[in-house]
Amino acid sequence: MGFEKFGHKSYTALTKVAGFVDRLVQGELFATRCSGCGRIYFPPRADCAGCLGSAMQWEKIPEKGKLVSFTRVNYAPAGFEADVPYTLALVDFGEVKVFGRLGSTVAEDEIKVGMELKPLVVTLPDGQLTYEFVLGNHKA
C-alpha cells in the first residue's frame, strides 16, 4: 500500500516508508530505528540523520505516553478548514516524542501536561487512515 491512504491530505503516494500505512491498517503506530546507531524517528524515516545509514527497522510506538505540550488550533491550513477547532499534542513515549491530534473524546478542560495518553489509529469518513491520542484508559 502507498502513502496515499494516510491522513486528511496526502501529498505523495510513493515513499520509502509506505510500510507506515500498512501498520496503520493493522491498527498500530510505528516509528523507525536505525540499525547502525540506534536512533529512533517519528515520523518514520528511510535514512538516519545521525549516521547517514539506511538500515532502518520498524519499531512500535509504546502503548502509553505522557503529554508534554499541546495547542488549540482555531485557524487551520488549507484543506483542514472544516476540522477546526482541534488540539495538537506532543506526547513523550520514552525514546521518542510523537506529534499528532488529541482525540475529541478528551474534553478541553481535562487536558493537563503529564496526563497519560495512548495512540489510537482512526479511519476517517472517507476511508483514509490517521492516528490520534486518547486517554490511557480509553477503550477502542
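Things worth noting here:
- Amide proton proximity set for Arg45, modelled H, under 5 Å, gap of 5+: Thr32
- Residue-averaged 222 nm ellipticity for the chain, from DSSP H runs of 4+ at -39500 (n - 2.57), nearest 500: -1000 deg cm²/dmol
- Sites matching chymotrypsin sites (Phe, Trp or Tyr not before Pro) across the range 53-140 that sit in DSSP coil, with at most 16 neighbouring C-beta atoms within 10 Å: Tyr75, Phe80
- Given charges at beta-carbon only (K, R positive; D, E negative), |dipole| of the range 3-135 in Debye: 400
- Förster radius 35 Å - calculated FRET efficiency between Ser104 and Ser35 (Cβ-Cβ, nearest 0.05): 0.40
- Using θ = phi - 60° and Karplus 6.51 cos²θ - 1.76 cosθ + 1.60, couplings along the range 20-26 (whole Hz; Gly, Pro as x): 4, 5, 4, 6, 4, 4, 7
- Relative contact order [Cα under 8 Å, 6+ residues apart], the chain, whole percent: 21
- FRET efficiency, Cys51 to Val25 (Cβ-Cβ, R0 35 Å, nearest 0.05): 0.70
- Simple spin-label estimate for Thr130 and Asn74 in nanometres, 7 Å along Cα-Cβ: 2.0
- Distant-in-sequence amide H partners of Tyr131 (H built 1.01 Å from N, under 5 Å): Val122
- Amide H partners (placed H, <5 Å) of Gly53, local residues excluded: Cys48
- ³J(HN,Hα), Karplus 6.51/-1.76/1.60, whole Hz, each residue of the range 46-51, x for Gly, Pro: 8, 9, 7, 6, x, 9
- In loop segments of the range 68-140 as defined by DSSP, the trypsin sites (Lys or Arg not before Pro) with at most 15 further C-beta atoms inside 10 Å of their C-beta are Lys112, Lys139.
Just so you know, all these numbers are worked out from the coordinates, no wet-lab data involved. All values reported here derive from a predicted model rather than from experimental measurement. Please note: Cβ atoms are built from the backbone with ideal geometry, for glycine as well, and neighbour counts cover all protein chains shown.
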